[in-house]
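The values are calculated or read from the model by the stated rules, or taken from the named source; none is laboratory data. Note that the structure is a prediction, hence the values are computed from the model and not measured. So basically every Cβ, Gly included, is an ideal-geometry build from the backbone, and we count neighbours across all protein chains shown. SASA here: full protein model, heavy atoms, side chains in, ligands and nucleic acids out. Shrake-Rupley method; radii C 1.70, N 1.55, O 1.52, S 1.80 Å.
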Amino acid sequence: MPKLLKGRELAGRVRSDVAESVLRAGGRPPGLAVILVGQDPASETYVASKQKACEKAGIVSVLRRLDTDASEGSVLRVVSELNADDSIDGILCQLPLPPRISPSKVAAAIDPDKDVDGLHPVNVGCLWRGEQGLFPCTPRGIVALLAEEGVPLDGASAVIIGRSNIVGKPLAAMLLRENCTVTLAHSHTRDLPALSRKADLLVAAVGRPGFVGPSFVRPGMTVVDVGISRTEEGLRGDVDFDAVADTVEAITPVPGGVGPLTIAFLLANTLTAWKRARQIS
Ligand code: GUN
């Protein structure tokens, strides 16, 4: 069996550290606003988990719901209200949005100091320039998990499959900061299995259950599975776990691997935004 990289344990620790910092600092509690457009069932589940996690950490969570047919203008108006609200430290707009609403326009409208998803162009720029900012939660969780588990990154070859703004691209920037040599692969990449097999670290973030099979891996490799899809057989990752487990050195399970870290680092980003707003270091 490979080593199992269980994010659940690290996530629990990050969440209790956030709760402790909130308690210790006292005063006005941190506030997180979540904008939810429509009633996508997966988004409903994520948002409910985020709210519950906030409550446990002493963060006030505010849900702003809009109808499925809400206009882009109405979403942008909610964003400006929240930008101006001093009780709100973090704002996130749950994705995916209906096709009529531009996720990049919404991200660019959020005050960069409240952008806990790290999608505002200023935060994206800070990440690539190696400066301070608020950065996307899932890739932050992945890098923290790899550090925690002692996976060597300096000089390692990392292949990331998937070039989304929320996972693949920011993770590429973060691994570059850790001195990895990064290849960002995607659906047009030629001979993906051969490319993947050369990696020391393989990250799958494509949202296609079981996409990464035995032809993508080699002994000694660490595999991070970001995918989580609901299938008839239950929750499945992007990696065919049973087919690669005998070969690889270490792998994140699904569920219980990367998933729990996203919410933990959302709380951590909210704490950071709150501290900065109150000038606590
Ligand atoms: N939908 C799925 N994951 C995420 C996330 O990390 N942030 C937002 N805003 N929406 C999501």
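Residues ASP115, ASP86 ordered from highest to lowest accessible area at a 1.4 Å probe: ASP86, ASP115. Within the chain, what percent of beta bridges assigned by DSSP are antiparallel, to the nearest 5? Roughly 10 percent of the beta bridges in the chain run antiparallel, per DSSP.
Counting lysine pairs in the chain whose alpha carbons fall under 30 angstrom apart, excluding pairs fewer than 8 residues apart on the same chain, gives 27. Taking only the Cα atoms of segment 85-174, the ratio Rg/Rh comes out at 1.01, with Rh defined as the Kirkwood radius. Shown here are the Rg and Dmax of the Cα trace of the chain, at 18.7, 56 Å. Over all pairs of different C-alpha atoms in segment 1-106, the reciprocal of the mean inverse distance, the Kirkwood hydrodynamic radius, equals 15.5 Å. In segment 149-267, the alpha-carbon atoms span a convex hull of 109 Å³ per residue. Considering only VAL226, THR272, VAL106, and ranking their Cα positions along the charge dipole of the chain that arises from unit charges at the beta-carbon of Lys, Arg, Asp and Glu, the one farthest toward the positive end is THR272. Volume per residue of the convex hull around the Cα atoms, evaluated for segment 47-101, comes out as 76 Å³. Under unit Cβ charges (Lys, Arg +1; Asp, Glu -1), what dipole magnitude, rounded to 20 debye, does the chain have relative to its Cα centre? The dipole magnitude comes to about 340 debye.
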